[in-house]
Amino acid sequence: MELDLSPRLPKKVYGGDGGSYFAWCPEELPMLRDGNIGAAKLALEKYGLALPRYSDSSKVAYVLEGSGTAGIVLPEKEEKVIEIKKGDSIALPFGVVTWWFNSADTELVILFLGETHKGHKAGQFTDFYLTGSNGIFTGFSTEFVGRAWDLDETTVKKLVGSQTGNGIVKVDASLKMPSPRKGDREGFVLNCLEAPLDVDIKDGGRVVVLNTKNLPLVGEVGFGADLVRIDGHSMCSPGFSCDSALQVTYIVGGSGRVQVVGADGKRVLETHVKAGALFIVPRFFVVSKIADSDGLSWFSIVTTPDPIFTHLAGKTSVWKALSPEVLQAAFKVAPEVEKAFRSKRTSDAIFFPPPN
């Protein structure tokens, strides 16, 4: 069966005046199901509130646009009320309850990427809502709700009957929502646009990697993530994950070309990508990207906490380690051709600026 790695856009799942929730479907992007990966996006309008919920999957949230407030409750812990803004990454382990609110005039957009190995549906997040028309209160009988929370029948009917929103509601402007608390961001949020760079190549590209040192909750989530930005016409060198990890890539901004090569030396993907698209690189497949004039940036998760990559170009590439004689024999070329191949690229960079 031929792999379909084509980048996809998400589809709207639900929404209203307060905003919308979108998801990538395994039916359209089979690699989601095959790799047990979930991908979704939340877009909140002004005064939009994504109702309290928990999920069957661990995730990383990345704020694509706007600013707002997030409520996070870890199991048996106090609520953290966090100010969030563009570039923020938040690790969301199993069992965490979250809500999201936008009080600004501009739209708040949040990307969610995660694993679905323990989920109800492979390649798809299942959220469980604490409130709303599809919340847990609507499923229990009046008797059960009354006894559990020690409420009379009249109060129970008011409590359950007033929940008409589904997933996202628009809050009245007069209602004062919780204000972010100083210090609550610590240990929960890393802003990828402000964090120290793990890789910084002049006129090439920059990388910020999420790990247990700069975002401790990554260890509980169980997979890594990074934000990569390359300059106009620059190239991200061909490379592959050598520890059997999938690479799930969302294009944050800009545009560019992508090629992926798989088994038997076959090019399995050649496409042009732009902001909003998502694609998955299978285990051990080699991927490379070249930015258009406006540059290219992407946010990725790699399905292992401490990913190991092998790059096939640059000073540290595997070609530099192989014996010249082996390369001459393998390529079946003269020594001067092998020497030119080996010596042309001498930097240890993984990003290459455009040629002069």
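The values are calculated or read from the model by the stated rules, or taken from the named source; none is laboratory data. All figures in this text were calculated on a predicted structure; none of them were measured in a lab. Quick reminder, even Gly has a Cβ in these numbers, built from the backbone with ideal geometry, and neighbours come from all protein chains shown. All accessible areas refer to the heavy atoms of the entire protein, side chains included, with ligands and DNA or RNA removed. Shrake-Rupley method; radii C 1.70, N 1.55, O 1.52, S 1.80 Å.
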Full-extension gain in nm, R33 to T142, via 0.36 nm per residue minus C-alpha separation: 35.4 nm
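Could you work out how much longer the chain between K158 and D203 gets when fully extended? Use 0.36 nm per residue separation minus the Cα distance between them, nm to one decimal.
10.1 nm
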Per-selection Rg to Rh, the chain - Cα, Kirkwood hydrodynamic radius: 1.05
Probe 1.4 Å, accessible area per residue of the chain, Å²: 50 Å²
Longest to shortest principal axis, alpha-carbon extents of region 106-161, angstrom: 42, 35, 15
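Based on the Cβ-Cβ distance from K332 to D264, what FRET efficiency comes out when R0 is 22 Å, to the nearest 0.05? Working shown, then result.
On the way: r = 19 Å, r/R0 = 0.85.
Efficiency at R0 = 22 Å is approximately 0.75.
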Label-zone membership for region 56-76, site F128, 7 angstrom Cα→C-beta point, backbone N under 16 Å: 56-59, 73-76
Within the accessible area of region 165-242 (1.4 Å probe), percent carbon and sulfur: 52 percent
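Over the chain, calculate the relative contact order: mean separation of alpha carbon pairs under 8 Å at least 6 apart, over the residue count, as a percent.
Details: 877 pairs, mean separation 58.2, N = 356.
This gives 16 percent for the chain.
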Segments 203-210, 132-139 sorted - mean Cβ within 10 Å per residue, highest first: 203-210, 132-139
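Evaluate the charge dipole of the chain about its Cα centre and quote only its size in Debye, nearest 20, assuming +1 on the Cβ of each Lys and Arg and -1 on the Cβ of each Asp and Glu.
Details: 39 positive and 42 negative charges, 121 e Å.
Here the chain has a charge dipole of around 580 debye.
Using only alpha carbon pairs under 8 Å that are at least six residues apart, calculate the relative contact order of region 11-132 and give it in whole percent.
Working: 333 pairs, mean separation 44.1, N = 122.
The value is 36 percent.
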Burial ranking of peptide ranges 247-260, 148-161 (average Cβ count within 10 Å, highest at the top): 247-260, 148-161
Approximate spin-label separation H272-E65, in nm, with each point projected 7 Å along Cα-to-Cβ: 2.2 nm
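Want the number for L9 to S179: 0.36 nm per residue separation, take away the alpha-carbon distance, what's left? Present the calculation step by step, with values, prior to reporting the outcome.
Working: separation 170, 0.36 × 170 = 61.20 nm, distance 3.36 nm.
Working it through step by step, the gained length comes to 57.8 nm.
Sorted by average packing, counted as other Cβ atoms within 10 angstrom per residue and highest first, what order do 215-221, 111-117 take? Can you show the working numbers first?
Details: 215-221: 19.3, 111-117: 22.9.
Peptide ranking by packing, descending: 111-117, 215-221.
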